[in-house]
C-alpha cells in the first residue's frame, strides 16, 4: 500500500473517533442534565523528546453518571526499542488514534460500560483493535442478552462475532481471581488486518457506531430503579475488582503509560469510589450471590 493511501485512512479514522466522541457526549448530556464536563486538550512528547501528538480528554461527573471518561487521542513518534519489540513494530516508531471510554453510573442497578476503537501503525505494520464490554452489578439478565444481541447483530454480517465474543470472555479476566471475568463480556479484537484496508475501515467504523444503541437504552430503562445499601455495597466491591483488572492486566493501560501517554487520561477508567474488603463475599442466597454466577463465560 502506498503511503498516501495509508495516510488518508489514518485521517479518516481519526475524524471518525472524534465524531463518535461528540455523539456519545451529547447522548450522556441528554440523559443526565446534571452532567459536568471537564474537557482537557493535551499534548505529549515522544521518547526522543519531540512533539508526539495529543488528545481530547472529557471527564464527566453527574447524578446519573457518577464519573466517566470519553477520550480520543492521536499520538505518534519515536518509541523505545523495548516497547517497539513488545508491540511488534518493525521500526522504533508508532502512530495511533482511537476513542476510549468508561462510564460508571451512580445507581448500582445500571451497569458500568467500557469501549474502545483504535487504529495503530507500528513501523511498517498497521491494524485495528477494540471492542465493548458490560460490567453489571445486578442480575437483570435481559439487559445482558440485549447488550450481546446488539453486538452480535453488528458483527455477524462480517463473520467475526463468535471469535470476538470468545476473545472478550478470555481477555477481561482477573486470572488471579480464579479466572473470574470483570463483567459479562461483549466483543474484543486486536491486531486485525485483513489486507484490505478499505474493507477493514468500513467494517470497524460501522461496528463502532453501534455503541450508543448497545448501552444507553439499558441506562434509560434502569436509571430510576430504587436500590438498597446492599446493592451499593456489592457495586463498590465489584468496582474494586474492576480496578484490579485495569491496573494489573489491561493492555490499553500499559500501552498508554509506556507510550508516554497522559497518565490522568489513562487512569480516568478507574471508578470514583470502590471498596476492598478482605475475602469479600455477598450474603448467601442474595441477588448479589446470584450476580456472581454471571462473571464467567456463557452463551447469550
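Since every read-out is calculated from the coordinates, none of them should be taken as a lab result. Treat the numbers as computed from the prediction; the structure is a model and nothing was measured.
Structure above, values below:
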item	result
Sequence-separation-based contact order of the chain, relative, with Cα cut under 8 Å and 6+ spacing, percent	17 percent
Taking only Cα atoms of the range 3-292, radius of gyration then Dmax in Å	18.9, 61
Two-decimal log10 I(q)/I(0) for the range 131-179, as the Debye equation yields it once each C-alpha is a single scatterer, q = 0.22 Å⁻¹	-0.89
Global form of the range 1-51, assessed from the alpha-carbon gyration tensor, a/c cut-off 1.5	oblate
Largest-first principal axis extents of the Cα set of the range 241-300 (Å)	47, 30, 17
Gyration tensor (alpha-carbon) shape descriptor, the range 214-255, a/c threshold 1.5	oblate
Residue-averaged [θ]222 nm for the chain, counting only DSSP H segments that reach four residues, each worth -39500 (n - 2.57)	-13000 deg cm²/dmol
The range 124-244, relative contact order in percent, only Cα pairs under 8 angstrom and at least six apart counted	36 percent
Rounded tilt (10° steps) of 229-248 against the dominant C-alpha axis of the chain	30 degrees
Principal-axis tilt of helix 197-208 within the chain, Cα atoms, nearest 10 degrees	20 degrees
Largest-first principal axis extents of the Cα set of the range 100-202 (Å)	44, 31, 25
Globularity ratio of the range 77-135, using Cα Rg and 2.2 N^0.38 Å	1.52
Percent antiparallel among DSSP beta bridges (both partners in the range 3-292, rounded to 5)	100 percent
Principal axes of the range 125-257: Cα extent on each, largest first, Å	52, 32, 24
Segment residue 33-residue 82, length gained on full extension (0.36 nm per residue, minus Cα span)	13.0 nm
Whether the range 202-277 is rounded, prolate or oblate, judged on the alpha carbon gyration tensor where a/c under 1.5 counts as rounded	oblate
Semi-axis lengths (Å, descending) of the ellipsoid that matches the C-alpha gyration tensor of the range 1-105	31, 16, 11
